[in-house]
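Asks: Take a look at this one; I'll ask things after.
Read-outs: derived from the displayed coordinates by stated rules, not from any lab. No experiment lies behind these values; they were computed from the predicted model shown. Neighbour counts are summed over all protein chains in view; Cβ atoms, including those assigned to glycine, are modelled from backbone coordinates with ideal geometry.
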Amino acid sequence: MNTDALRGHMDALLLSVLEHEPLHGYAIIEALQVRSGGALTVPTGTVYPALRRLERLGYLVSEWATVGGRRRRTYRLTPAGRAALAGERSAWQAFTDAIGSVLAPRSSQDGAR
């Protein structure tokens with residue numbers, strides 16, 4: 001999937017991937033790919049700046065951890081991040097409902113113009 005199509009949705013995707021467990025950057029990228037069935041291949045140059053921005057906003061905290069013998073920065077959601085994720089989910093649902101009603105109108109609306 002084109003990374004331009006993800007613009008505006010990256011925060012929600014990253015927060016969602018971190019909802020249940022802390023992960024390091026590469027594991028976040030892998031989780032996005034796995035959870036999307038391979039449709040999302042997000043470059044590191046997109047993910048790491050977004051993670052740093054979300055940390056500055058207080059939605060994530062990070063700490064250095066040793067994973068597989070390597071030091072990696074691990075990110076986890078804060079309470080503010082959980083609230084932001086809830087807001088992102090609500091906004092996404094409203095967006096998909098509105099777009100869906102245009103792209104796939106119910107048959108009772110087909111005749112109305």
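Asks: Just to be sure I understand the filter: pairs with C-beta atoms under 9 Å, separated by 6 or more residues or on different chains, first member in the range 9-26 and closer than 15 Å to R70 by Cβ, second member part of a helix (DSSP H, G or I) and of a type in the set (F, W, Y). Which pairs pass?
Replies: Listed by first residue and then by second, the contacts come to G25/Y48.
Asks: Could you list, in sequence order, all residues of the range 62-79 that are without any contact (Cβ under 8 Å) to a residue 24 or more places away in the chain and surrounded by 14 or more Cβ atoms within 10 Å (Cβ to Cβ)?
Replies: Across the range 62-79, the qualifying residues are S62, T78.
Asks: Restricting to the range 30-50, and then to whatever is in contact with a Ser or Thr (Cβ under 7 Å, 6 or more places away or on another chain) and either assigned to a helix (DSSP H, G or I) or aromatic (F, W, Y) (or both), can you tell me which residue is farthest from D11 (Cα to Cα)?
Replies: Of everything passing the filter in the range 30-50, Q33 is farthest from D11 (Cα to Cα).
Asks: Considering only the range 66-77, how many residues are more than 15 Å from the chain's Cα centre (by Cα) and closer than 17 Å to V17 by Cβ?
Replies: Result for the range 66-77: 4.
Asks: Can you confirm whether G37 is in contact with a Gly (Cβ under 8 Å, 6 or more places away or on another chain) and surrounded by fewer than 13 Cβ atoms within 10 Å (Cβ to Cβ)?
Replies: no
Asks: Output the residue which, of all residues in the range 58-86 that are among the hydroxyl-bearing types (S, T, Y) and out of contact with any Gly (no Cβ under 8 Å at 6 or more places or on another chain), is nearest to G25 (Cα to Cα).
Replies: T74
Asks: Given E88, E55, which one is in a helix (DSSP H, G or I), surrounded by 10 or more Cβ atoms within 10 Å (Cβ to Cβ), without any contact (Cβ under 8 Å) to a residue 60 or more places away in the chain and not hydroxyl-bearing (S, T, Y)? Before you say what the answer is, go through the steps one by one.
Replies: Working: E88 fails: without any contact (Cβ under 8 Å) to a residue 60 or more places away in the chain.
Exactly one of E88, E55 is in a helix (DSSP H, G or I), surrounded by 10 or more Cβ atoms within 10 Å (Cβ to Cβ), without any contact (Cβ under 8 Å) to a residue 60 or more places away in the chain and not hydroxyl-bearing (S, T, Y), namely E55.
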